[in-house]
Amino acid sequence: MERILNDDEKIRKAEEIYYRRNNQNFNVGNKPTVKKDKVLKDKILLQLLVMINIAILIFCIQNRDFIFTTEFLNVLNDYNNRVSSKVVEFFSGILNGRSDDNENIVENEFVKDEINKENVQNQGQNNSEENGGTQSENNEETIMQESSSSISEMELDIQNLKSAYSFVKPINGIVSSGFGARESEYQNVTGYHTGIDLAADKGTIIKASMQGIVEQVSSQGDYGKHVKIRCNNVTTLYAHCSKIYVKEGQIVAQNQEIATVGSTGNSTGPHLHFEIRVEDRFVDPAKIIEF
């Protein structure tokens, strides 16, 4: 049977309950500082994510004509493959203790070709000294060997371009000057043509032969107003334009309008000078595209 408390005991028990409740509230009140710090960090992180999403959204809006096309997905996939291969090569070099060699991986083909050319020249000079042959004969042999070496290199570039990329005609024009050595009555026309000239009326729309990023927009030099579009290590150049519609850093799709035909720079009349380059090597566009 429960004992009946007197007045003093009731007061004492009420005081115990009161202090116990106050102490509990005090202990709980000391903890929110940690929670406030965590809430602040969460808010900062949330704001950062919102800013990144806004930046991505703005980028997508600016490049809406290209961002969801097959060409863009191909560029993105090729970029991911290249980055993955570079990462694998880098860490493989570290594990094998040869990280310094990775710096020269991209230039190996070019360096090997230059070494072969130098060996051919040295061999020609040595044969001339030993056999007493004339200098002109050795020079002709050296030139022939260098020409065959550059041709074989171009053929390799052409095969790689055809297998890995897609190209279209930038304009429907008449080929007024082909790739390579040429003769002209004009003094301002160079003896070796690094691209192909397509004659057309001034103002004819020029379209991007391949997708990529606008690497350069300029009006300086013999090219006049010109545009360079790069996709990985491949560059297409469009020169002597009258107007240019794109800006540096812009992503363009294949067949997108980028400029109009003109006669700016070192030009003898309205035409498009079109080039295809692999690294710093020129490739005959007529071997890639049917004009």
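Let's see how each residue does on (1) within 23 Å of GLN159 (Cα to Cα); (2) in contact with a strand residue (DSSP E or B) (Cβ under 7 Å, 6 or more places away or on another chain); (3) not hydrophobic (A, V, I, L, M, F, W, C):
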site	(1), (2), (3)
GLY249	no, yes, yes
ASP280	yes, no, yes
PRO285	yes, yes, yes
ILE288	yes, yes, no
PHE291	yes, yes, no
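Only strands (runs of 3 or more DSSP E) whose full extent lies in the stretch 185-286 are considered here, and the ones with at least 2 residues that are crowded, with 22+ Cβ neighbours inside 10 Å and at pLDDT 95 or above are 196-199, 225-231, 234-244, 257-261, 271-278.
Please verify whether the stretch 6-28 includes one or more residues that are farther than 30 Å from ARG230 by Cα, modelled with pLDDT of 70 or more and part of a loop (DSSP other than H, G, I, E, B). Yes: the stretch 6-28 contains one or more residues that are farther than 30 Å from ARG230 by Cα, modelled with pLDDT of 70 or more and part of a loop (DSSP other than H, G, I, E, B). The residues of the stretch 251-278 that are within 27 Å of GLN159 (Cβ to Cβ), among the aliphatic types (A, V, I, L, M) and touching a Pro at 6+ places or on another chain (Cβ under 8 Å), listed by number, are LEU272, ILE276.
Kindly evaluate ILE276 against the criterion of being free of Cβ contacts under 8 Å to residues at least 40 places away in the same chain, outside the structural domain of TYR79 (by TED's automatic domain parsing) and among the hydrophobic types (A, V, I, L, M, F, W, C). So ILE276 fails the test.
The values are calculated or read from the model by the stated rules, or taken from the named source; none is laboratory data. Here the structure is a predicted model, which is why all the values come from computation and not from measurement. When we count neighbours, we look across all protein chains shown, and the Cβ atoms used for this are built from the backbone with ideal geometry, even at glycine.
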